[in-house]
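S.K.: The structure follows.
The values are calculated or read from the model by the stated rules, or taken from the named source; none is laboratory data. These figures come from a predicted structure and were not determined experimentally. Counting neighbours? That spans all protein chains shown, and the Cβs are built from the backbone with ideal geometry, glycine included.
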Amino acid sequence: MGGATYFFTVVTYRRQPLLTRPEAMDALREAFRSVQHAHPFEMDAVVILPDHLHALCTLPAGDEDFSRRWAMIKRLVSRAVGHLAAPVATPSMKTRHESGFWQRRFWEHLIRDDNDFARHMDYIHFNAVKHGHAGRPADWPHSSFRKCVERGIYPADWASGVEIEGEFGE
């Protein structure tokens with residue numbers, strides 16, 4: 001049986017539109033794979049937008065160390081494509097050897113029950129529409145929506161012309 005499930009929002013530094021660039025997408029995929037191999041977790045849903053991403057992740061039973069996983073993911077991506085970001089500007093960032101690719105922190109929410117899980121899953125898959133990047137969830141290539149359609153979680157035309165309510169850490 002799995003452990004706790006969390007919803008995350010992770011944002012680029014100063015909301016730089018970097019994440020959907022092909023080289024950043026490749027770096028994210030590789031970072032997710034590498035960290036999942038070293039510290040297993042299930043990626044239940046994800047959407048990647050130019051300046052932020054949302055993810056719904058389930059950790060193994062007895063393991064709540066999501067901070068280590070995100071630190072590793074962010075570090076691997078920064079090493080691979082940190083050159084895409086604006087130069088580090090603050091003395092604090094220089095002291096911490098930060099690349100200027102990511103905001104220092106992330107937002108997390110512990111999923112409480114099946115209804116909470118479903119609401120966050122919907123929010124993730126509607127997010128590209130909410131931000132004007134796609135007309136409907138099926139049109140955005142940088143999300144798990146298509147896999148969820150294949151698994152029978154959503155119909156292919158889900159949320160076409162619909163507004164999804166909720167505030168989720170943006």
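Residue-wise test of (1) under 19 Å from Leu28 (Cβ atoms); (2) of a type outside the set (D, E, K, R); (3) surrounded by 14 or more Cβ atoms within 10 Å (Cβ to Cβ); (4) at pLDDT 95 or above.
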{"residue": "Arg105", "(1), (2), (3), (4)": "yes, no, no, no"}
{"residue": "Ile111", "(1), (2), (3), (4)": "no, yes, yes, yes"}
{"residue": "His120", "(1), (2), (3), (4)": "no, yes, yes, yes"}
{"residue": "Pro141", "(1), (2), (3), (4)": "yes, yes, no, yes"}
{"residue": "Arg146", "(1), (2), (3), (4)": "yes, no, yes, yes"}
{"residue": "Gly152", "(1), (2), (3), (4)": "no, yes, no, yes"}
{"residue": "Ala156", "(1), (2), (3), (4)": "no, yes, no, no"}
{"residue": "Ser160", "(1), (2), (3), (4)": "no, yes, no, no"}
{"residue": "Glu165", "(1), (2), (3), (4)": "no, no, no, no"}
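S.K.: For segment 120-141, give me each residue that is within 16 Å of the chain's Cα centre (by Cα) and of a type in the set (Lys, Arg).
M.R.: Lys130, the sole residue that qualifies.
S.K.: Which is crowded, with 18+ Cβ neighbours inside 10 Å, at pLDDT below 95 and out of contact with any His (no Cβ under 7 Å at 6 or more places or on another chain), of Ala89, Ala55, Ala85? Can you show your working first?
M.R.: On the way: Ala89 fails: crowded, with 18+ Cβ neighbours inside 10 Å; Ala55 fails: at pLDDT below 95.
Going through Ala89, Ala55, Ala85 in turn, the sole match is Ala85.
S.K.: Also, quick follow-up: Considering only residues that are surrounded by fewer than 20 Cβ atoms within 10 Å (Cβ to Cβ), out of contact with any His (no Cβ under 7 Å at 6 or more places or on another chain) and assigned to a loop (DSSP other than H, G, I, E, B), which ones fall in segment 1-20?
M.R.: Listed by number, the residues that qualify are Met1, Gln16, Pro17.
S.K.: Sticking with this structure for a sec: Can we say Gly152 is touching a Ser or Thr at 6+ places or on another chain (Cβ under 9 Å) and either aliphatic (A, V, I, L, M) or part of a loop (DSSP other than H, G, I, E, B) (or both)? Explain how you work it out, then say what you get.
M.R.: On the way: touching a Ser or Thr at 6+ places or on another chain (Cβ under 9 Å): no; either aliphatic (A, V, I, L, M) or part of a loop (DSSP other than H, G, I, E, B) (or both): yes.
So Gly152 does not fit the description; no.
S.K.: Among the residues of segment 39-91, what is the count of those that are among the charged types (D, E, K, R), in a loop (DSSP other than H, G, I, E, B) and in contact with a helix residue (DSSP H, G or I) (Cβ under 9 Å, 6 or more places away or on another chain)?
M.R.: Step one: list which residues in segment 39-91 are among the charged types (D, E, K, R), which gives 42, 44, 51, 63-65, 68-69, 74-75, 79.
Applying the additional criterion that residues be in a loop (DSSP other than H, G, I, E, B) yields 51, 63-65.
With the extra rule that they be in contact with a helix residue (DSSP H, G or I) (Cβ under 9 Å, 6 or more places away or on another chain), the set shrinks to 51.
Of the residues in that region, 1 qualify.
S.K.: Taking segment 1-52 as the search range and keeping residues that are closer than 15 Å to Gly82 by Cα and of a type in the set (Ser, Thr, Tyr), which one is modelled with the lowest pLDDT?
M.R.: Ranking the candidates gives Tyr13 first.
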